[in-house]
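Could you have a look at this structure, given as structure tokens, before my questions?
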Amino acid sequence: MIITLADLQDPGVQDLIAFHQRAMVEGSPPGLSFALDLSGLQDPAVTIWAARVDNQVAAIGALKRLDQMSSEIKSMRTHPDFLRQGLAAALLETIIGHARGLRLSTLSLETGSGPAFEAALALYCKRGLVNGPAFADYVLTDFNQCLHLKLN
């Protein structure tokens, strides 16, 4: 596995971004999917990484800078052919390390609930993220939840 900054012009990266967005829309109640599409990931406040296995894009993950002290995990997705190989955990460590390198104090994320989200939630909780209040423009519902990790 090799993790590098993602090239958003790479068709493999674009395909995984599109797959992620479709899956989030399909698995979320109307209006409660906040997955960034390709144009959203092109925002200068977003840094995105790709994990490759045998030169195939196997997973992606992004960090969106919210302000001087906080950031948000975005677009974490492992391709179905590469599940349960530690790619998401490695990407999460890359994102956390980058956030710490920026001297940010808080790393947050918004995600859903239910069976489709259980593996991701287990990973986030294992890494120390805990449920907490809504942040940015999110509003908590019966479906979505916000998790946070203090970095300092």
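The values are calculated or read from the model by the stated rules, or taken from the named source; none is laboratory data. Bear in mind that the values here come from a model prediction, so they are computed numbers and not experimental data. A quick note on method: Cβ atoms are made from the backbone with ideal geometry, for glycine too, and the neighbour counts reach across all protein chains shown.
Which members of segment 108-127 meet the condition of being closer than 23 Å to Val46 by Cβ and either out of contact with any His (no Cβ under 7 Å at 6 or more places or on another chain) or among the β-branched types (Val, Ile, Thr) (or both)?
Leu109, Glu110, Thr111, Gly112, Phe117, Ala120, Leu121, Leu123, Tyr124, Arg127
Can you tell which of Leu104, Leu109 is out of contact with any Gly (no Cβ under 7 Å at 6 or more places or on another chain) and part of a strand (DSSP E or B)?
Leu109
For Ala122, state whether it is part of a helix (DSSP H, G or I) and either in contact (Cβ under 8 Å) with a residue 24 or more places away in the chain or not polar (S, T, N, Q) (or both). Quick ask: steps written out before the conclusion?
Details: part of a helix (DSSP H, G or I): yes; either in contact (Cβ under 8 Å) with a residue 24 or more places away in the chain or not polar (S, T, N, Q) (or both): yes.
It is true that Ala122 is part of a helix (DSSP H, G or I) and either in contact (Cβ under 8 Å) with a residue 24 or more places away in the chain or not polar (S, T, N, Q) (or both).
Pick out, from segment 1-91, the strands (runs of 3 or more DSSP E) lying fully within it that include 1 or more residues that are among the small types (Gly, Ala, Ser) and without any contact (Cβ under 8 Å) to a residue 40 or more places away in the chain.
Answer list for segment 1-91: 56-65, 70-78.
Tell me the residue from Arg103, Arg77, Arg65 that is modelled with pLDDT of 95 or more and surrounded by fewer than 17 Cβ atoms within 10 Å (Cβ to Cβ), please.
Details: Arg77 fails: surrounded by fewer than 17 Cβ atoms within 10 Å (Cβ to Cβ); Arg65 fails: surrounded by fewer than 17 Cβ atoms within 10 Å (Cβ to Cβ).
Checking each option against the conditions leaves just Arg103.
Can Leu140 be described as in a loop (DSSP other than H, G, I, E, B), aliphatic (A, V, I, L, M) and surrounded by fewer than 16 Cβ atoms within 10 Å (Cβ to Cβ)?
Considered against the rule, which asks whether it is in a loop (DSSP other than H, G, I, E, B), aliphatic (A, V, I, L, M) and surrounded by fewer than 16 Cβ atoms within 10 Å (Cβ to Cβ), Leu140 comes out as yes.
What tally of residues in segment 94-116 results from selecting those that are closer than 25 Å to Ile3 by Cα, free of Cβ contacts under 8 Å to residues at least 60 places away in the same chain and touching a strand residue (DSSP E or B) at 6+ places or on another chain (Cβ under 7 Å)?
Looking only at that region, the number is 11.
Looking at (1) surrounded by fewer than 13 Cβ atoms within 10 Å (Cβ to Cβ); (2) modelled with pLDDT of 95 or more; (3) touching a helix residue (DSSP H, G or I) at 6+ places or on another chain (Cβ under 9 Å); (4) not hydrophobic (A, V, I, L, M, F, W, C), which is the one condition that is false for Thr111?
Failing condition for Thr111: (1).
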